[in-house]
Amino acid sequence: MRCQTNAAVLLRAKREQHGLSQRRLALRAGTSQDAISRIERGAESPTIERLAQILLALGEQLDLSATPLQARVPAADLATAAAMTLEERLREAASWNRVTSELALAGEEARRHGHPATKRGHT
């Protein structure tokens with residue numbers, strides 16, 4: 001089963017699955033009940049090592065994995081960019097920087113003049 005979660009949700013689910021109170025888990029893991037509570041509430045983000053240690057006290061092994069993100073850029077565009085020289089890439093980036101700056105300035109000007117497209121709720 002594949003599950004995306006955070007440390008708080010994972011720890012609480014595993015602790016409850018094993019039928020332990022926060023206090024009992026804290027005793028097993030050599031920490032305080034308050035520390036377990038802070039992690040489960042999301043008030044504290046434990047290190048990977050600390051989370052693994054607490055899970056080990058439950059008889060669980062932390063299993064980390066990584067998966068590639070879906071590319072937002074088509075593969076052909078990535079290949080084109082990879083074939084560019086450093087100078088070409090810098091020139092391309094600078095041109096996009098100019099475009100975004102010009103758009104930002106145009107937006108400011110439109111807001112100053114009360115253009116209807118700049119009103120809240122406009123789609």
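Nothing in this text is a laboratory measurement; each read-out follows from the coordinates by a stated rule. Since we're looking at a predicted model, the values are computed, not measured. Ideal geometry is used to build each Cβ from the backbone, glycine not excepted, and the neighbour counts take in all protein chains shown.
Estimated from the Cβ-Cβ distance and a Förster radius of 22 angstrom, the FRET efficiency linking residue 64 and residue 9 is about 0.90.
In terms of surrounding Cβ atoms within a 10 Å radius of their Cβ, 34, 63 rank from fewest to most as 63, 34. Assign one of three labels to segment 7-57, namely rounded, prolate or oblate, based on the Cα gyration tensor with a ≥ b ≥ c the square roots of its eigenvalues; rounded applies when a/c is under 1.5, prolate when it is not and a/b is larger than b/c, and oblate otherwise. The shape class here is rounded.
Put a dot 7 Å past the Cα of residue 43, heading toward its Cβ, do the same for residue 110, and the two dots end up 4.6 nm apart. Secondary-structure-derived ellipticity at 222 nm for the chain, considering helices only, amounts to -19000 deg cm²/dmol, per-run term -39500 (n - 2.57) for DSSP H runs with n ≥ 4. For segment 53-123, applying the loop criterion from DSSP together with a ceiling of 10 other beta carbons within 10 Å to the trypsin sites (Lys or Arg not before Pro) yields 72, 119, 120. Centroid-to-centroid, using Cα positions, segment 63-91 and segment 1-53 are 37 Å apart.
Between residue 76 and residue 117, the simple label model (points 7 Å from Cα in the Cβ direction) yields a spacing of 2.8 nm. Full extension of the chain between residue 94 and residue 52 gives 10.6 nm of extra length, using 0.36 nm per residue less the Cα-Cα distance.
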